[in-house]
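First up is the structure itself, then whatever we jot down about it.
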Amino acid sequence: MINAEIAGIIIMLIGLYGLMTKKDLIKQVLAINVISTGLVLFFVGMGYVEGGEVPIMPQQTVVDPLPATLMLTTLVVDVAITSLALAIILRMRRDER
Amino acid sequence: MIPLLVACPLLFAFLVSLFDVLGVRAKITRFLFLTGAISPWIVFFGIREKVPLDEIVGGYAKTAGIQVSLDYINVYFMLAELILFFAVSIYSIEYFSKHRKNGKIYSLLLLMHTGLLGAFISRDLFNYYIYMEIASVSAFALIAISEEKGAKRAAYKYLILSLTASYLFVFAVGMIYLKTGYLNAELIRGSILPSREIDVAAGIAFSALLLKAGVFPLHSWLPDAHSKAPDPVSALLSGIVVKVPVYGMLLLYLSLPLTKRFLTVLMVVAFASIFFGIVLMIVERNIKKFLAYSTVSQMGYVVLGVSTSNILGSVYYAFAHALIKGALFLSVGALIRAQRSKEIRNLSYRGDAILMLSILILSLAIGGVSPFVGAYGKSLLFEGMKKPLEYILYIAGIGTLVAFTRLNYYLLKSRENFNAYSLQRMPPFLLSLLVLALGVYYGQRIDYMDFVLIVSAVIGFVLLRRSGIIEKDIRYRFSKTVGEEINIFMTVFLLFTLFLLLQNF
Amino acid sequence: MKMSTVVRTTTKLISPFLVTYAVYLMVYGHLSPGGGFQAGVVLAVSVILLITSHGYKKVRKRFKFKEVGMIENISAVFLVSLGLIGFMFGSFFYNFLTKGKFGSVISGGIIPLFNVSIGLKVGAAFTFVFYILLRWVESD
């Protein structure tokens, strides 16, 4: 049966395929975002415990919160780099004209 | 106390940015920038006596918090970063003073300082990744700020390749976390068992870090990015930013059980990188690209240290290379600024004794000639190495010297009168004196073997010149769009990753 | 660019509530799902919604470029100095405020302050990114 980790890896591979085949720059940035989405799914699936609760109050079984927090940081990096890449693409188009 | 090393430049980065938005006079921004660049030095002098040092940020338990430390491995990376950044900050005050957005540039430089320092002190794989990303993001922006044609393109290529590599690195870190439950390098070491997943994680993480270090089959972004950036930024990129992945490799080497076969493959990659860099240096005409290819070649030596389990040699060589290459980029930058050309043949250093002396010292030092610090790193690398490998490394040393003989030959040949700014002449000169002083401090004496090396390098250069290879105009150029280039590089990267993965099966 | 009256009225109605929601996420970040980054994104979305419906030029008159940059940098400086103050009590980012009753808002020590500054920083930074990208698009 397919679980979240394997789904995440498949999504990452789709993003890598996009980077290998697409020539359009915006599509390449989108492919990078697809990779990061796959990565987030991989990590969140990694921390999931069957029947676990939100780890805020003391409870019996909780999901592992660490992978989710790590992914929050990766998302921040992703956002920053996406906006930087878009800005560079805009400037590049203007220079080439 | 260790987190203060990182917190001070970060605080000043935001202060510079704040004062820039408020529109205060440029003098104040410049003062804040210099304070931010120097502040880690003060902290460093405060804790210098107590090395090796260990700390958990926020005072939590070791299994829960982020460990930072300063020991005999990373203290040399730290020192190289602090020295080089100090020189670059003085240099860049002159360099960027006419620039319209210089407040933003100073802020980005300080952020890069933060990222580099944070990566070098961290003992936690994820924390290391975050700081490496801070340094790289500011590097992308600083490359894109250059006015030169093609700089944006180089920045975009670097961005996409480096970002893909870091996602693969985080993926590998996730696999390690899945198997061991820790992110801390020491705790991973304590609880790891050899397994297939760990082998896969090691392969992916190493190929990602090799891309970020610019080692041969994955070097394709490096010459463009390092040659199109503004000169002080090139010095930082080539000097110390490519050393951050090397520190990551050392962390992984210390925490994961790597197989013998994997290390052998890494050694082959390192040798390929050394010789590839030398060949391209001999035919390259753009002086900054020449130095960038030299970085590809020298990173081969550093990775060689990792692959032969010679951590100390790798660390000292990285330290020496950071100082030498940073100073070379700074002095060449002063020449380029004064003579407005980047072709090796059109440049000359005859008009300026200080620049001439420093470039001569640095070219000898990078070839591993004796009284300089490069020779110490090289002698440590040679320790415990098998005989045939040592002879190959001697040949590589001669190759490097041939390439730098070519550089000095062209720089000596023509004579031009020019005026370099004194703030741009002094930092590289002081760095080259430091290279000499550190070499003497580590007990290097003049070695007669080196004269043989230099003479054979000069003979090699004369022979090559007679055969006409050097004079020939070898221009190898893709006439492709950026998107197609990225497709090709990405395919090479993934094939290399697969190759590394297959070594463990 | 300017959208129809229906869209403009709706976004005007929604935006203040989004700001309230962002404040809730910031202040209660340590007690319920949420936190600084999410709050900052919600805060930025309230401005970005106004930009898409009313046009960039009109929104920039209200939320000025310089003010957004100031908010961003001041909150960042506050964030780092919060960590530096912790040094006086032991170590970097040490939680030095007295802790209240379990489950109340003040029980987090410095964490709510931390979340507020992160929220402001992220919200201002996102708005800034949109301003800069739109400025280039419009000048083309």
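Scanning segment C:86-104 for residues that are surrounded by 12 or more Cβ atoms within 10 Å (Cβ to Cβ) and in a helix (DSSP H, G or I) yields C:GLY86, C:PHE87. Residues that are modelled with pLDDT of 85 or more and in a helix (DSSP H, G or I): does segment B:96-105 have at least one? Looking through segment B:96-105, at least one residue is modelled with pLDDT of 85 or more and in a helix (DSSP H, G or I). Inclusion of B:PHE169 among residues that are within 14 Å of another protein chain (Cβ to nearest Cβ), assigned to a helix (DSSP H, G or I) and of a type in the set (Phe, Trp, Tyr) is warranted. A single entry from B:LEU70, B:LEU84, B:LEU53, B:LEU108 fulfils the requirement of being away from chain C (no Cβ under 11 Å) and touching a Gly at 6+ places or on another chain (Cβ under 7 Å): B:LEU84.
Assess whether A:LEU70 counts as being assigned to a helix (DSSP H, G or I), facing chain B (nearest Cβ under 10 Å), within 24 Å of A:ALA4 (Cβ to Cβ) and of a type in the set (A, V, I, L, M). Judged against the criteria, A:LEU70 is a match. In the set B:ILE176, B:ILE121, B:ILE145, B:ILE192, only one residue is more than 9 Å from chain A (Cβ to nearest Cβ), in contact with a Pro (Cβ under 9 Å, 6 or more places away or on another chain) and buried (at least 22 other Cβ atoms within 10 Å of the Cβ); that residue is B:ILE121.
Only one entry in B:ALA172, B:ALA205 is in contact with a helix residue (DSSP H, G or I) (Cβ under 7 Å, 6 or more places away or on another chain), free of Cβ contacts under 8 Å to residues at least 40 places away in the same chain and of a type outside the set (Asp, Glu), namely B:ALA172. Do the conditions hold for B:ALA225, that is, is it modelled with pLDDT under 90 and among the aliphatic types (A, V, I, L, M)? Judged against the criteria, B:ALA225 is a match. For segment C:15-69, filtering for residues that are more than 13 Å from every other protein chain (Cβ to nearest Cβ) and on the phi > 0 side of the Ramachandran plot leaves 1. Hey, could you check segment B:255-297 for residues that are part of a helix (DSSP H, G or I) and more than 21 Å from the chain's Cα centre (by Cα) and say which is surrounded by the most Cβ atoms within 10 Å (Cβ to Cβ)? Top of the filtered list is B:SER255.
Condition first: of a type in the set (A, V, I, L, M), more than 14 Å from chain B (Cβ to nearest Cβ) and crowded, with 17+ Cβ neighbours inside 10 Å. Now tell me which residues in segment C:123-140 satisfy that. Within segment C:123-140, just C:LEU134 meets the criteria. Right, B:ILE143: under 20 Å from B:GLN67 (Cα atoms), β-branched (Val, Ile, Thr) and either in a helix (DSSP H, G or I) or touching a Cys at 6+ places or on another chain (Cβ under 9 Å) (or both) or not? Against the criterion (under 20 Å from B:GLN67 (Cα atoms), β-branched (Val, Ile, Thr) and either in a helix (DSSP H, G or I) or touching a Cys at 6+ places or on another chain (Cβ under 9 Å) (or both)), B:ILE143 does not qualify. Among all residues of segment B:227-242, there is at least one that is within 13 Å of another protein chain (Cβ to nearest Cβ) and within 22 Å of B:SER331 (Cβ to Cβ). Quick check: anything in segment B:334-354 under 22 Å from the mean Cα position of the chain (by Cα), closer than 29 Å to B:LEU79 by Cβ, not in a helix (DSSP H, G or I) and not basic (Lys, Arg)? No, every residue in segment B:334-354 fails to be under 22 Å from the mean Cα position of the chain (by Cα), closer than 29 Å to B:LEU79 by Cβ, not in a helix (DSSP H, G or I) and not basic (Lys, Arg). Is at least one residue of segment C:81-101 modelled with pLDDT of 85 or more and either closer than 16 Å to C:ILE132 by Cα or of a type in the set (Asp, Glu) (or both)? No, because not a single residue in segment C:81-101 is modelled with pLDDT of 85 or more and either closer than 16 Å to C:ILE132 by Cα or of a type in the set (Asp, Glu) (or both). Scanning segment B:365-410 for residues that are closer than 23 Å to B:ILE311 by Cβ, charged (D, E, K, R) and in a helix (DSSP H, G or I) yields B:LYS378, B:LYS387, B:GLU390. Is there a residue being closer than 21 Å to B:PRO3 by Cα, touching a helix residue (DSSP H, G or I) at 6+ places or on another chain (Cβ under 8 Å), more than 8 Å from chain B (Cβ to nearest Cβ) and in contact (Cβ under 8 Å) with a residue 24 or more places away in the chain anywhere in segment C:93-113? Yes: one or more hits. Among the residues making up segment A:76-97, those that are of a type in the set (A, V, I, L, M, F, W, C) and under 18 Å from B:SER146 (Cα atoms) are A:LEU84, A:ALA85, A:LEU86, A:ALA87, A:ILE88, A:ILE89, A:LEU90, A:MET92. Of the residues making up segment A:64-83, those that are surrounded by fewer than 20 Cβ atoms within 10 Å (Cβ to Cβ), within 20 Å of C:PHE128 (Cβ to Cβ) and not polar (S, T, N, Q) are A:LEU75, A:VAL76, A:VAL79, A:ALA80.
Counting only residues that are loosely packed, with under 12 Cβ neighbours inside 10 Å and more than 16 Å from B:GLY313 (Cα to Cα), segment B:376-395 holds 3 of them. Pairs meeting the criteria (first residue in segment B:411-422 and assigned to a loop (DSSP other than H, G, I, E, B), second residue at pLDDT 75 or above and polar (S, T, N, Q), beta carbons under 7 Å, at least 6 apart or on different chains) are B:SER414/B:SER348; B:ARG415/B:SER348; B:GLU416/B:GLN339; B:GLU416/B:SER348; B:PHE418/B:GLN339.
Would you call A:VAL44 at the interface with chain B (Cβ under 9 Å from one of its Cβ atoms) and in contact (Cβ under 8 Å) with a residue 40 or more places away in the chain?
Values: at the interface with chain B (Cβ under 9 Å from one of its Cβ atoms): no; in contact (Cβ under 8 Å) with a residue 40 or more places away in the chain: yes.
The answer is no for A:VAL44.
Of all residues in segment C:1-25, those satisfying the criterion of being over 24 Å from the mean Cα position of the chain (by Cα) and not aliphatic (A, V, I, L, M) are C:LYS2, C:SER4, C:THR5.
Of the residues C:VAL116, C:VAL105, which is of a type in the set (Val, Ile, Thr) and under 27 Å from A:SER83 (Cβ atoms)? Before the answer, list the steps.
On the way: C:VAL105 fails: under 27 Å from A:SER83 (Cβ atoms).
C:VAL116 is the lone residue from the list that is of a type in the set (Val, Ile, Thr) and under 27 Å from A:SER83 (Cβ atoms).
The sole residue among A:LEU30, A:LEU39, A:LEU25, A:LEU13 that is more than 10 Å from chain B (Cβ to nearest Cβ) and either under 30 Å from A:GLU96 (Cβ atoms) or modelled with pLDDT of 90 or more (or both) is A:LEU30.
Being closer than 23 Å to A:THR74 by Cα and touching a Gly at 6+ places or on another chain (Cβ under 6 Å) is the requirement here; does C:ILE118 meet it?
Working: closer than 23 Å to A:THR74 by Cα: yes; touching a Gly at 6+ places or on another chain (Cβ under 6 Å): yes.
Yes.
Filtered by the rule that a residue be buried (at least 16 other Cβ atoms within 10 Å of the Cβ) and out of contact with any strand residue (DSSP E or B) (no Cβ under 8 Å at 6 or more places or on another chain), segment B:179-189 gives B:LYS179, B:THR180, B:TYR182, B:LEU187, B:ILE188. Let me spell it out: the conditions are (1) touching a helix residue (DSSP H, G or I) at 6+ places or on another chain (Cβ under 8 Å); (2) without any contact (Cβ under 8 Å) to a residue 24 or more places away in the chain, and A:GLN60 meets all of them except one. Which number is the exception? Of (1) touching a helix residue (DSSP H, G or I) at 6+ places or on another chain (Cβ under 8 Å); (2) without any contact (Cβ under 8 Å) to a residue 24 or more places away in the chain, only one is false for A:GLN60: (1).
Residues in segment B:15-34 that are away from chain C (no Cβ under 14 Å) and assigned to a helix (DSSP H, G or I): 7 in all.
The values are calculated or read from the model by the stated rules, or taken from the named source; none is laboratory data. These numbers were taken from a predicted model, which means no experiment stands behind them. Neighbour counts are summed over all protein chains in view; Cβ atoms, including those assigned to glycine, are modelled from backbone coordinates with ideal geometry.
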